[in-house]
Every structure is written in structure tokens, then in C-alpha cells.
Amino acid sequence: MVTLAKIARQADVFLDLTGVAVGSLLLVSGIETYRDGESVGWPIAGSVLFLINLWVACRRFVRRRKPSPSS
């Protein structure tokens, strides 16, 4: 049986992974833009966004792995 908590947990995992994917795409796009002669701000913004999303995803995955205290 599918519960609302299970759907919410799966959506949370999907959004965490999507954030990392978007950050990596922005980083790659920023590097390509910089190589074409544009501003260095794009690769910096892409790397910052990627690292922040990766950090958030790692923290959430570690928190999910911890066993919940039984009452």
C-alpha cells in the first residue's frame, strides 16, 4: 500500500538529486561560456550552486540513513 509519507520521501529524494543535476548543468554551461570569452562569474556561480546542492543532498541522505529512535 502506498502511503503519503512514502510518496513525500520519494519526492524529497528526487528533488535533492534534481538540485545536484541542475547545479552540475549550470557549472558545465558556465565553463563553456567562460571558454567562449564571457565572464568568469558563470563558472563561479555554477560551482557555488553545485556545491551547495551537493552539501544539502549529502546532509539529507545521512539523516535518512540514521535509524529512528524506537519508542
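The values are calculated or read from the model by the stated rules, or taken from the named source; none is laboratory data. Being a predicted model, the structure only gives us computed values, none of them experimental. In this analysis, Cβ positions are derived from the backbone assuming ideal geometry, glycine residues included, and neighbour counts consider all displayed protein chains. Areas reflect the complete protein model, heavy atoms only, side chains present, ligands, DNA and RNA absent. Shrake-Rupley method; radii C 1.70, N 1.55, O 1.52, S 1.80 Å.
Some points to look at:
- Options LEU51, LEU25, LEU17: the member that is modelled with pLDDT of 90 or more, touching a helix residue (DSSP H, G or I) at 6+ places or on another chain (Cβ under 9 Å) and either of a type in the set (Ser, Thr, Tyr) or under 22 Å from ARG65 (Cβ atoms) (or both): LEU51
- Given (1) outside any helix (DSSP H, G or I); (2) touching a Gly at 6+ places or on another chain (Cβ under 6 Å); (3) of a type outside the set (Ser, Thr, Tyr), number of the condition ASN53 does not satisfy: (1)
- Qualifying residue in the range 35-42 (condition: open to solvent by 80 Å² or more (accessible area, probe 1.4 Å) and aliphatic (A, V, I, L, M)): no
- Scanning the range 4-20 for residues that are open to solvent by 100 Å² or more (accessible area, probe 1.4 Å) and acidic (Asp, Glu) yields nothing.
- Any hit, the range 21-31, residues being at negative phi, open to solvent by 50 Å² or more (accessible area, probe 1.4 Å) and not in a helix (DSSP H, G or I): no
- If you filter the range 43-57 down to residues that are aliphatic (A, V, I, L, M) and over 20 Å from LEU15 (Cβ atoms), you find that the one that is surrounded by the most Cβ atoms within 10 Å (Cβ to Cβ) is ALA45.
- The range 1-20, subset of a type in the set (S, T, N, Q) and in a helix (DSSP H, G or I), residue farthest from VAL48 (Cα to Cα): GLN10
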